[in-house]
Structures are given as structure tokens and as C-alpha cells.
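Here, each number is a calculation from the coordinates, and none is a lab measurement. Quick caveat, the model's predicted, so the values are computed rather than measured. As a convention, Cβ positions derive from the backbone with ideal geometry for all residues, glycine included, and neighbour counts pool all protein chains shown.
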Amino acid sequence: MIQLNFSSLISEPSKAIQARPVSSKVSPWLATILYPLGRHVVLPSFFGRLEVIGQEHLLQDESPLILAPTHRSRWDALVVPYVAGRDITGRHLRFMVSADEVKGIQGWFIRRFGGFPVDPQHPGISSLRHSVEILQARETLVIFPEGNIFRDRELHPLKPGLARLALQAESSQPNLGLKIIPIHISYSNPVPHWGCDVTVQIGTPIRAAHYRNGPTKQEATRLMADLTAALSQLGQRGSVLDS
């Protein structure tokens, strides 16, 4: 569902076409019906074992969060709220979603479950501004940093826009305390089918404030290197658990 080339969000603002303000919301009545349905019926009925490791990393304080999951299936869009949604953290999730996905009946639902559209190639400044506003309000933003769904179980290069967004948000408000949460999602089958298992590992938070001591570009590169290492380590740990 969320397949973004996020690298140009900040690095190429001159190419962004500004069309209209971007906003997102979660429909209270839909969330009341469909979130419990997904949590208690859809996911438990479809998957065999759904194991979550490290959920305590989401519950430490009220800091704004960027969730950075690996992307292996469209099921990820349901699995992430299962492990980190309002039932767990007390906060609804907001998702960056490719503009092509926010159309028709699918788009109607996405917009009412916290999704907001972003042009994958040339994200507009309004998308960046809205993302920063979400974090300033101490909410939770989900960005799949690999940018696409990859079924080969390998960690693919992460898009640098996540780090640039995180650093811009952190610098926009004193003592914001933004954290990036690495999340590794793995399915027992590359193409998830009925009865397959899911393992979700949530890593130690990465604090954006620790990357504000040098030039932004260098610090963003360092942050992405640390996020890559964290996701890679979670993946290796998952391989041991599955063996």
C-alpha cells in the first residue's frame, strides 16, 4: 500500500508541485469498528502465529514517533497497527501513502485511517509540512524506509528522506524528543498465505536529538546508517528465531 521514493522529499523541494494543503485524520466511528475487527478477527483468522517482540519500546513515554518498518507485503499496513496502534500506544497512526493508492473506495478508507497522499517522485512541501506538524503534535508517523515491497527477505537500501524529515522536525521545536523506531516484519512465506506465521521485532528507539551536532546532511547519513544497522540486526535475530 505504501510504496514511496521518499528521497526527494526534502532534497528536491524545487521540483515539488504544490497543489493543495495536505491533511490526515482517523474516523472515530470507522476506527471503533474496523480496528477491533482486524485485531481480533482478520489477522488471527488469516495468520497462524503472530509473534511480537520488543513492544515495550513503544511504551516508554509520550515522545513523538516515526515507525520505520521493513516492507514485505500489503499485509504490513494491517500488521503495523496491530503491534503499534491505538490499542497499544494510545495513539492513532498516520501513514504516508503513494498518491496513486489514495483513489476510489480504497482511497476513501485510507484517508479515514490516517493516510495522506504523497507524490512518490516529487513530494510537495505541503506533505513535508504536514508530516512535521504530526510529529510536533507528538503523534506517530509510519514511513516504510525501503520505499517498496520486497519479498526476498533482504534489507534493501533505505531512502534518506526519513532522516532529513526527522531532523527537520526535531529542530523545529525545542526538546521535541522525537524517536525513530526500527521494526522488522517477516513472514514465514515470501507471499503471505492463509496459515503462515508473522514475526514482528521492535528495536531500541533511535533519538533524533543525538544527530544534531554536525552538518545536517552528514548527520542524516549517520542516522540512516544506524537505522540500517538496527533493522539488519533485527533481521539476523529473526533468522535465528525462525531456524
Check: Around residue 102, which amide H atoms from residues at least 5 apart in sequence, or from another chain, sit under 5 Å from its own amide H, with H modelled in the peptide plane?
Finding: none
Notebook entry, point to check: R0 = 35 Å: FRET efficiency of residue 103 with residue 188, Cβ-based, nearest 0.05?
Noted result: 0.60
Next item on the list: Take segment 52-176, compute every pairwise Cα distance, and split them into 5 Å bins from 0; I just need the percent in each bin.
Entry: 2, 10, 20, 23, 23, 15, 6, 1, 0
Next item on the list: Only helical DSSP H runs with n ≥ 4 go in: add -39500 (n - 2.57) per run for the chain, normalise by residue count and round the 222 nm mean residue ellipticity to 500 deg cm²/dmol.
Entry: -11000 deg cm²/dmol
Next item on the list: Quick one: work out the % antiparallel among DSSP beta bridges in segment 8-242, nearest 5.
Entry: 30
Notebook entry, point to check: So which DSSP H runs in the chain come out at 20 Å plus along the axis (Cα) with average Kyte-Doolittle of at least -0.5?
Noted result: 216-242
Checklist line | Of 162, 59, 43, the one that fluctuates the most in a GNM where the chain has Cα springs shorter than 10 Å | finding: 59
Checklist line | Förster radius 35 Å - calculated FRET efficiency between residue 88 and residue 125 (Cβ-Cβ, nearest 0.05) | finding: 0.60
Checklist line | Gained length - residue 30 relative to residue 151, 0.36 nm times residue gap less alpha-carbon distance | finding: 40.5 nm
Notebook entry, point to check: Once amide H atoms are placed 1.01 Å from N in the peptide plane, what residues at a sequence separation of 5 or more from residue 196, or on another chain, have their amide H within under 5 Å of its amide H?
Noted result: 48
Next item on the list: Rounded to whole Å and sorted largest first, list the principal axis extents of the Cα atoms in the chain.
Entry: 47, 40, 33
